[in-house]
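FYI, it's all coordinate maths here, none of it is from the lab. Please read all numbers here as calculations on a predicted model, not as lab measurements.
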Amino acid sequence: MAKLIVIKIGGNIIDDENRLAGFLQSFAAVEGHKVLVHGGGKLATKLAATLGVEQQMVDGRRITDAETLKIVTMVYAGYINKNIVAQLQLAGCNAIGLSGADGNAILAHKRTGQQVDYGFVGDVDSVNTTLFSNLLSQNITIVAAPITHNGQGQLLNTNADTIAQEIARALSNAYEVTLVYSFEKPGVLLDAEDDTTVIKTINPAEYERLKAEKLIFAGMIPKLDNAFSALRSGVRKVIIGKAEQLPQLISGETGTTIQEE
């Protein structure tokens, strides 16, 4: 079975031109089939302020009203996505940028049944594995923006961590998939303020203990939930760690490896 690596790059790296450029050089050098999923960073918030569109956040999540949806689509599926693709072309990596609507890549539905109405926020229903496999078979790297659609003409803002997990899960039937969450921290930390406290490996029992004892920073829990969900769905390995250490992350030398046993 061919190997595939799905890498999600965090927003704080996207916000820093130099760090992003360094990461994309490392990403371009990764051999074999690969998919890059990117978040949005702070650019959408800055553009919204410039345009006078008030932004509402609940527990760190953006409320996506109709005007905000226009902004995040312009920023995520437009500037950020195409800037990444252009830099990968410069690095000799032939890439194509996709939103969920392109080629019917990722179908989603508007989130309902929550205490908070997050607006035009989507939860993923399906990934077009035929489209992804066809592009990968031509040695084209896919750069996925966190914008999906519902098949009824409606675009939806969707969490990039979740998109990475859903792509990894969907393609695990056809590939041996490794999922990497890369961001500004060196891994999952016992002390969020101390980068030397990386937890090398976490299995389900250890995860439950760490949560029960409140030893994991709350912001990391959704990422870890996604990681374990991916493993249960056929993804071979999930790694969380520092974007600037991508080669070492992939080889398992650094970061936190999430495992079932």
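For the chain, what is the relative contact order in percent, using Cα pairs closer than 8 Å and at least 6 residues apart in sequence? Present the calculation step by step, with values, prior to reporting the outcome.
Values: 531 pairs, mean separation 57.1, N = 261.
Relative contact order for the chain comes out at 22 percent.
Go through Lys46/Lys185; Lys70/Lys185; Lys34/Lys242; Lys185/Lys214 and tell me which ones have a Cα-Cα distance over 27 Å in this structure.
As for pairs spanning more than 27 Å Cα to Cα, those are Lys70/Lys185.
Name the most mobile residue of Ala212, Ala164, Ala144, meaning the one with the largest mean-square fluctuation, in a Gaussian network model of the chain with Cα contacts below 10 Å.
It is Ala212.
Do the alpha carbons of any pairs in Lys42/Lys200; Lys200/Lys237; Lys82/Lys110 sit beyond 21 Å of each other, and which pairs? Please list the in-between numbers first.
Numbers: Lys42/Lys200 30 Å; Lys200/Lys237 14 Å; Lys82/Lys110 26 Å.
Beyond 21 Å: Lys42/Lys200; Lys82/Lys110.
Candidates (i) 57, 41, 35; (ii) 63, 45, 42; (iii) 44, 44, 35; which is the computed Cα extents along the principal axes in Å?
Answer label, from the structure shown: (iii).
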